[in-house]
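Visitor: Right, I'll just put the structure down here and ask away after.
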Amino acid sequence: MPLSLSLCNAPLRSIPSNPRQCLQTIRTLAESIAGNRPPSLLAAPIESLRRGDWVKLICGASFEDAADVRNLSLVYTLAGVDCIDCAADASVVNAVSDGIDAACRIASVRRPWVMISVNDDRNDLHFRKAEFDPEDCPPDCSRPCEMVCPANAILSKRTSEGVEIQHDSHAGGKLQGGVITERCYGCGRCLPVCPYDRIRAMTYIRDPATTSALLRRNDVDAIEIHTRGRSTDLFKELWSSLSGSSGHLKLVAVSLPDAGESTLAAMHLIYSIMKADLQCYNLWQLDGRPMSGDIGRGATREAVAFAARIASTQDRPHGFYQLAGGTNSHTIDSLKKLGLFQTMNNPAAQFQKNTIVSPSPDSHALIGGIAYGGYARKIVGRVLSRIPSKHGHAHIEDHPELLLDALKEAFTLVEPVKCHNQPMTQHQEKS
Ligand code: SF4
Ligand code: SF4
């Protein structure tokens, strides 16, 4: 059956019929994205941010299923992402690195940066786990918690006597008390649906000492600090505890929600805290509607509105800007409608009668790119769930036909950003 994907310069016209052909097709597709950009003196991810075609995969600040993280990293590395953002946990970072290594053995693709995510505040939604004891659940419960969980993190079997606790193969056969801790990423959707109020949310803060140790690893390139921007004292405390170990980082990202009028002031304050010790690029992650990209079209509105507001402000803090929180396959179209996609021009100026081009003060795209989380995991996760698991080891490359399916899914997100053929703006041509 012909495929509709154009995949930059390498149209894929038919599905290969055997594993060797599958792998060859995967290699061709992956290298078509990798070879689509001119060589540069700057690191490729920075060039992507400057052009506005940066794509980051968010594995999830709390998602710690090493098998899925590894396979997601493999697939999205082949698809050409610039960065993979994961939990600040050694086994998760190992899984990301392993996935990237495996992708690089399959095709000549560039290594994405590895970013770890931490928080300065216990109340950050990205850093929590749901928990309940299934033995407390009434036998006749229809289990709505299980149905709403986007991560398949709630597992159990029904028996004639009621709900039976299931041993979880993801966790070496440990009892997980209803929620597979490693898979829960804290979206919170199960909390309000339990008719018996049995589910608790456990929040936590990533330990700064563990984070410092991770930052010294050669395979960690970037850090993202989630903050709510309400108390910069918390940010300051975390930043000073990490500053001694951030020397070789290539990028520091700060992720924050839109808190309205106070947001810009908080960003300026945060930048003033970081500035003296900042030895690399910095990025602002504009977190629209956290952990909601898989829900549907409407989820992307808040991130795009946040970006539009910041981009129309001349007095924005130094650094690259990237969307997250609700991003999905509709995000690019929404950005294009607002004139915000891969442009250096101030969109507010574009809407005025006498159009005045107001270039970004930093000579790079107003919006550096997009981070995809829940939606990216959902579309590839559907394929990952078809991998037969042997003793907990499930390497997607052992099933080339599944890897090709997963790569096609990943391309649907990455390709519209990476292979966008929009003519360069006047300003881009000059720079
Ligand atoms: S918080 Fe979200 S991911 Fe965690 S168990 Fe509940 S629904 Fe699943
Ligand atoms: S909905 Fe509540 S009571 Fe029912 S299985 Fe889930 S946690 Fe237990």
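Every number here is computed from the coordinates shown, using simple stated rules; none is lab data. Every value quoted in this text rests on a predicted model; they were computed, and no experiment measured them. Cβ atoms come from the backbone with ideal geometry, glycine included; neighbour counts cover every protein chain shown.
Visitor: Return CYS184, CYS194 ranked ascending by Cβ neighbour count within 10 Å, so the fewest neighbours appear first.
Guide: By the 10 Å Cβ count, ascending: CYS194, CYS184.
Visitor: Any chance you could run the full-extension gain for GLN24 through ALA305? It's 0.36 nm times the residue separation minus the Cα-Cα distance, nm to one decimal.
Guide: 97.0 nm
Visitor: If the limit is 21 Å between Cα atoms, which of LYS250/LYS337; LYS250/LYS378; LYS336/LYS418; LYS56/LYS336; LYS336/LYS378; LYS236/LYS275 go over it?
Guide: LYS250/LYS337; LYS250/LYS378; LYS336/LYS378
Visitor: For ASP101, ASP68, which order do you get if you count the other beta carbons within 10 Å of each Cβ and list the fewest first?
Guide: ASP101, ASP68
Visitor: Under a 5 Å amide H to amide H cut-off, with H placed in plane at 1.01 Å, what residues pair with CYS83 once short-range neighbours are removed?
Guide: Answer set, sorted by chain and number: VAL55, LEU57, TRP113.
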